[in-house]
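Written out below as structure tokens is the structure these notes cover.
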Amino acid sequence: MQTFSPVDLLPLPCVPDSSASEVLVKVRNARLAQPLWAQMTFDERAKCLKLAGKAMLIRRQEVMQLIHEEAGKTPSEMLLSEVVGPLQYIKDWIKVARPWLKPRKLAINPLAFPKKKGVIEMLPRGVVGVIAPWNYPLGNFFKPVFAALLCGNSVVVKPSEYAPRTGEWFVSVLNEFLPQGVLSIVQGDRSGGIALIEAGIDAVTFTGSSASGVAVAQLAAQKLIPCSVELGGKDAAIVLSDCNLDRTVAGIMHWGLHNAGQACGDIERVFVEESIADLFIEKLVSAVRKLRTQSGEGEAAKALDQVDVGPAVTPAQLQLISDHVAEAVAQGAKILCGGKKVGRGLWFEPTVLDYCTPRMRIMQEPTFGPVIPLCRVKDAEEALNLANQNDYGLNGSVWSEDESRAIQIAARLNVGTAFVNNHAFTGALPSAPWTGVKKSGYGIANSEFALAHYTRPRTLVVDRKKTADGWWLPMNSMAEEMGHCLAEAQLGNLGAAIKIPFLMFRREKTALEFVQQQKKTSEHPQVKGAFHQAKFSWSNFFLKGLEKLHPSLFDFELEWGFAAVNAIFAGADRALKAQPKEEAKKFFQDFYQSMPFPAFLSIRLAFWAAGLAPFLIHKKWRRFERLPLEERIALMDAFSKSDSYVLRQMILVLKMNGSFFYSSTTRFHQVTAYEH
């Protein structure tokens, strides 16, 4: 690639393009290097980057010379906007990325999903491609490259074809502190970016024009890889009559002409209230006229440290700036200062245009040059409406000393970042999202929200449950009933909510019984060695002891339980019909076995209390289950009214068992009578 300096159009050293096969090799090597880089701890990766950041600061004179040659920036401009930034940017990214990368506990409802736990891990994407523009040859790498590397990715960058050597320097310094292959560079124009995306990367970050961003997004979509696009802007500033006039003039001048207007976050439209327009414009023009730019050639050319506003970086950009200004003047705009090309290189005078109208191209499309177009408005409402009537939405600002009112207006700007009394500086803050709407793109270049592009979530779930889940196969009418109950419970039906755990319990039993019935009889038991057979386990011994304390209910106990529940729920004046005895006994047995130690004892004691009710109440021994229904009802009523706390608790346990049984065997919204 042959490039020319925008300062004087002299040729710069050639940099060879990367062929498609070379790009493929770089991506392949990056993929091989990435797992080892990801296995390093976060602190180890952070240490590598901080060492690289320090080295960049120590060697800053090297890159300043390159940026001067390739982008024509003045020493102070490049220092304050790029060169001093890498180390602090890395430190700030570390603060943002560390909590993002920590595993987080998965919230699981213990009632709906018992004995399950999970964790969400943020894993690196793999190989990330970064395609950078020419307006900040060094600084454009800070947002994506540092973030991607901290997250454990390997990175392949493609700098602009207008600033290839600055990109080479950035990669070479970092690689002195990174494992081989973790960071690499490919060179080329548009075709190089296409080759990078097609080489099999796992994500791509693009910064540039909206038209190019659309092409990148389409290609990434074909590859089904994540794509973050940070695109152009047409930022508006709203200057209200109650602003701090001198500070506002200084702020508008800076953010309109910063980096020769070649920043996506520069102010490219100024809406000023008519009541202060003349005074504001007078002060602005007076200040802009004092700014120095290159106007001479040869020996008459100024040294860069005597220049405030640098050149355009590319011939095409200089032509676009000239076209926008010429068209605006032809449509009625007035040049108050500047307005023409100067010098031997790609210089354009800092320009202020008055009487611009909203439909002019200079008020609609990115100019990306040292031009401040002004539009007079009657009030803040008109300014706000015009500011939002644009295809771009990166930043916007409101300038006023009435902070409360300014915040209300700024909140109505359709932009990614809204400012009051400043503009665009958050692009240097890794903690602040840098994003836009509409043609400014959907990419996020800073903050933890940007890290979602460089990582992917993986959920790890552990199930400690020993029984089946209630929603497992086979499907039957009980599963259907459980589904209806789940729906009704969400609608606030308390009865349905009560039924769910017991339907779930029965479904769990059904699933395991279904599988156990299919077990092959030819299965051979596992033969264990003599040592393993002799091995003693205190935990097994304890569990077996608990199992001996938890024997199944005897049949006479089940008879007592059924007779008591039948008396409580299905007596002569009860609304429910009696249910089949064997079905009830099976439910009681299953429910009893499902209860943990020592909770199951309450069920056994309740059944015994019912069986001994004739003796406890009437001091006579008679078989409870053979008593007439009326007598059993009377005994249960006596339990409820007893002075004995224990007996009152026993009736509560019996009622609990009965209510669970009836709710789990009765179809939802109806009572079905079963015959004995």
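The values are calculated or read from the model by the stated rules, or taken from the named source; none is laboratory data. What you see is a predicted model, and the numbers here were worked out from it, not measured in a lab. Using ideal geometry, Cβ is built from the backbone for each residue, glycine included, and neighbour counts are taken over all protein chains shown. Ligands, DNA and RNA are excluded from the accessible area calculation, which covers all protein heavy atoms including side chains. Shrake-Rupley method; radii C 1.70, N 1.55, O 1.52, S 1.80 Å.
Per-structure values
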item	result
Ranked by how many other beta carbons lie within 10 Å on average, peptides 361-369, 612-620 from highest	361-369, 612-620
FRET efficiency, 1/(1 + (r/R0)^6) with R0 41 Å, evaluated for Asp391 and Lys50 via beta carbons	0.50
Cα pair count fraction exceeding 24 Å, expressed as % - the stretch 1-101	50
Debye-sum result for the stretch 219-352 in log10 I(q)/I(0), which assumes one identical scatterer on each alpha carbon, at q = 0.11, 0.13, 0.17, 0.18 Å⁻¹	-0.48, -0.64, -0.98, -1.07
Peptide ranges 127-137, 73-83 listed from the most packed, as the mean C-beta count within 10 angstrom indicates	127-137, 73-83
Viscosity 0.890 mPa s, 25 °C: Kirkwood-radius Stokes-Einstein D of the chain over Cα pairs, µm²/s	78
The stretch 458-497: proportion of alpha-carbon pairs further apart than 15 angstrom, %	57
Spacing of the two label points (7 Å from each Cα toward its C-beta) at Glu480 and Asp308, in nm	8.2
Pairwise label distance in nanometres, Asp246 with Ala487, each label 7 Å out on the Cα-Cβ vector	7.3
Calculated FRET value between Ile120 and Ser209, using beta carbons and R₀ = 35 Å, to 0.05	0.45
Links that overshoot a 29 Å alpha carbon limit, given the list Lys143/Lys234; Lys158/Lys290; Lys223/Lys439; Lys117/Lys585; Lys158/Lys334	Lys158/Lys290; Lys117/Lys585; Lys158/Lys334
Sequence-separation-based contact order of the chain, relative, with Cα cut under 8 Å and 6+ spacing, percent	12
Solvent-accessible area, 1.4 Å probe, carbon plus sulfur percent, for the stretch 1-149	62
Net length gained if the chain between Gln180 and Ala326 were fully extended (0.36 nm per residue, minus Cα distance)	47.4 nm
Pairwise label distance in nanometres, Ser552 with Leu224, each label 7 Å out on the Cα-Cβ vector	5.2
Loop trypsin sites (Lys or Arg not before Pro), the stretch 97-175, which have at most 13 other Cβ atoms in a 10 Å radius of their Cβ (DSSP)	Lys115
Prolate/oblate/rounded label for the stretch 191-254 (Cα gyration tensor, a/c 1.5)	prolate
Net +/- balance of residues flanking Phe556 in space, Cβ distance below 10 Å, scoring K and R +1, D and E -1	-3
FRET E, pair Glu62, Glu282, Förster distance 35 Å, beta-carbon r, rounded to 0.05	0.20
Reach of Lys581 by Cα under 22 Å, taken over lysines that are not fewer than 8 positions away in the same chain	Lys499, Lys509, Lys655
Three-way shape call for the stretch 63-103 based on the alpha-carbon gyration tensor, with the a/c threshold at 1.5	prolate
Size of the stretch 362-458 as Cα extents on the principal axes (Å, biggest first)	54, 31, 22
Loop-resident sites, the stretch 212-298, for GluC sites (Glu not before Pro), counting at most 14 other Cβ within 10 Å (DSSP)	Glu297
Built amide H within the under 5 Å cut-off of Ile372, gap 5+	Thr351, Val352, Leu353
Added length on full extension, which subtracts the Cα-Cα distance from 0.36 nm per residue, Leu9 to Gln88	25.0 nm
Centroid-to-centroid separation of the stretch 4-76 and the stretch 355-426 [C-alpha atoms, Å]	35
